[in-house]
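The values are calculated or read from the model by the stated rules, or taken from the named source; none is laboratory data. As the structure is a computational prediction, the values presented were derived from the model and not from experiment. Methodologically, a virtual Cβ is constructed for each residue, glycine included, from the backbone with ideal geometry; neighbour enumeration extends over all protein chains shown. Ligands, DNA and RNA are excluded from the accessible area calculation, which covers all protein heavy atoms including side chains. Shrake-Rupley method; radii C 1.70, N 1.55, O 1.52, S 1.80 Å.
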Amino acid sequence: MPQNDRNSQRDNKQRGSGNEPSFNWRGVILVAVAFGFFALAMLFYRGGYQQFEDVPYNRFLELLENKQIVNDKNAPLTLYVEEGQPTQQLRGKYTKQGTGGAQNQEVWFRTTVYLTFTNNLQDKLAAAGIQPAIRSESHPWTQVFASFAPVLLLLLLLYFLFRQQIRMAGKGALNFGKSKARMLARDKNKITFKDVAGVEEAKDEVQELVEFLRDPKKFQKLGGRIPKGVLMVGPPGTGKTLLARAIAGEADVPFFSISGSDFVEMFVGVGASRVRDMFEQGKKSAPCIIFIDEIDAVGRHRGHGVGGGHDEREQTLNALLVEMDGFDTQEGVIIIAATNRPDVLDPALLRPGRFDRQITVNLPDVKGREEILRVHSKKVKLAEGVDLAVVARGTPGYSGAELANVINEAALLAARRGLKGITLKELEEARDKVRWGKERRSLALSEKEKQNTAYHEAGHALLLELLPHTEPLHKVTIIPRGPSLGSTMWLPEEDKYTNRKNELLASLAVKMGGRVAEEIVFGDVTNGAAGDIKMATAMARKMVCEWGMSEKLGMVEYGEHEDYVFLGRELTRNRDYSEATAEEIDREVRRLLDDAYQTAKQTLIAHRTHLDAIAKSLLEYETLDGMQIKELIEYGELKNPPPTVTPDSGEKMPPEKPPRQVVVGPDTHPPLPDAPGAPA
């Protein structure tokens, strides 16, 4: 049989034995039997079968002649007639005479009357002065069914409402220890390396995994051992899961996907059982890939939680460690895991023999961002002349997921405006919306708050243009966006991974510009600089404690600095420097911030006229780009003003003179050390 036929039969078998359960006839039969016993018990309980003495018809006639038949309101003589039957039945009481001085007693009786042999029954009853009550009677089982028909209807209704739960009840109770890994069929996995962009180094590292899955004998001949596990590490949204699916698509093998949180349940031992079952499924489907997403949910460092102990999560991790240690890679099963928290993983999980290789999936550079934008732009219609390289240059620090969202938001904006294609304007607006939120033009601000915001942002923008070692200004706006009332955005000329000390000091001064401008112009300050103060303090502390940029404290790292807080370690960590050193650190941080404040204050006081000009232009036009800010500084007025905004409709009106088209890239966060153009 060809290999492809065997693979297709195996896939069909796995689909057929998937999540669809068979009907539980045994449970239905047990419920029906129990209901039958319940019906009979209820029937006897209600007195449906009262104890009667069977009296022959001749004996009944004697009792009638002797006037022993009781006929009163409490016990009337009743004739039960059943339609279509040759017999009738008399029921009532008769007086039974006691013997040996015993008292008489009334006894219930019943007499069967055969219509073919009985004559003149009515005459005999009339002669005795008895007028029997006549009732029609159905079959006993018919009465039982009529009594319980509403209950049956209710049970039937409940069954149809909850039949899925009924079907899954047995399976869930018996198979809760089975793995929840979902297999992505090969005919549905259309993702290949062509769909993954911006992570070329990571693709090169996993290329040999694809070659091994395609031809394992190629590596076995030379004695090489393929890695048992591959751990993908990187920030959120960089494409770790997509890369794992692309490996499965390129190798054309089954792909099992499971999340780390799917292992842990409230029942003790379920997680370990699911780990064992997952590896068993992988061996049956070899060669294949098992992908564990967010492995930090189950692979956290043991013994560092609050209280420690051997809880269910640690038991699951132990099972995972044992299975991976004894896993034979020659069987063609490769474990791929992804996490953005490598610092919390247990060291035993990362040692060679388990996860032999760690692949770092970083944020894409400018060339990678352009490739990612081209991949996602294939699904939308771009207008002619749109240069994605400009968009890529203006989005340093954006992940692949954010770039995909930029394309999608731009498509929605273009569709909302009735355009035939996405232009650069929609891409830039979508970029700002993804990072900082949508413009809130409907937010009602007083003229006083608008004026304060204009001078605040003008202070940032003016310092960006005047101070050396700063990034080029992109644009400044007083339109509320997200949580901020205004934003000053700058655009790095290239991707930056390191920053010089002079650049950091200039950045501190720029962050102080908003508060300084408020103090100079109004003689008072607001709480609008909270974000600036927070970012400036964090940067100054890193300069002193981590980057060795303090002459007094020298090139010494003070404290263990981690990107994420690990609660167990934080509770037990002791500070590794003295109180005197801590006070010196605080003084040095304060000195850096005070120097930056004085630099900003002296610069803005010396250029007060430029500050007023920028603020007034912001109040009139709301948004200015970097070229227009330079015109205000150089000429004191705008040579090419932007379109004005009408206060009633919010629509932009064309100016008297056509504006000059200035094509600049969008602004965003660089990787280090802080976010550019963070809203202030």
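Points worth noting:
- Contour minus Cα-Cα distance for GLU447 and PHE52 (0.36 nm per residue): 132.2 nm
- By average C-beta atoms within 10 angstrom, highest first, the peptides 427-433, 551-557, 494-500: 427-433, 494-500, 551-557
- Segment 205-276, relative contact order in percent, only Cα pairs under 8 angstrom and at least six apart counted: 28
- In this Cβ point-charge picture (+1 for Lys and Arg, -1 for Asp and Glu), segment 203-274 has a dipole of about 240 debye about its Cα centre.
- Phi angles across segment 219-229 convert, under the Karplus curve 6.51 cos²θ - 1.76 cosθ + 1.60 with θ = phi - 60°, into 3J(HN,Hα) values of 8, 5, 5, 8, x, x, 10, 5, x, 5, x Hz, Gly and Pro given as x.
- Whole-Hz Karplus values for segment 54-59 come out as 6, 10, x, 5, 5, 5 Hz, taken residue by residue from phi with 6.51 cos²θ - 1.76 cosθ + 1.60 and θ = phi - 60°; glycine and proline positions read x.
- All-pairs alpha carbon distance profile, segment 456-519, 5 Å steps from 0, percent: 4, 18, 26, 26, 16, 9, 2
- Taking θ as phi - 60° and the Karplus parameters 6.51, -1.76 and 1.60, the scalar couplings of segment 351-358 work out to 6, x, x, 10, 9, 6, 10, 10 Hz in sequence order, x denoting glycine and proline.
- Taking every Cα-Cα distance in segment 315-459 and sorting them into 5 Å bins from zero, the calculated P(r) comes out as 2, 8, 13, 13, 10, 8, 10, 10, 9, 7, 5, 3, 2, 1, 0 percent.
- Each Cα pair under 8 Å and six or more residues apart adds its separation to the average, and for segment 460-551 the resulting relative contact order is 22 percent.
- Per-residue extension of 0.36 nm, minus the Cα-Cα distance of ALA580 and ALA538, leaves a gain of 13.1 nm for this segment.
- Long-range amide H partners of VAL81 with built H, under 5 Å: ARG135, SER136, GLU137
- In a reduced charge model with +1 at each Lys and Arg Cβ and -1 at each Asp and Glu Cβ, segment 359-433 shows a dipole moment near 280 debye about its Cα centre.
- With every protein chain in place, segment 384-445: carbon and sulfur % of accessible area (1.4 Å): 51
- Note on segment 473-632: with neighbouring protein chains present and a 1.4 Å probe, carbon and sulfur make up 50 percent of its accessible heavy-atom surface.
- Positive dipole terminus of segment 357-452, leading residue within SER377, GLY418, VAL390 (C-beta point charges): GLY418
- Per residue, the accessible area of segment 355-505 comes to 47 Å², computed with a 1.4 Å probe over protein heavy atoms only.
- Loop-located GluC sites (Glu not before Pro) across segment 599-644 with a Cβ neighbour count of 12 or fewer within 10 Å are GLU637, with loop assigned by DSSP.
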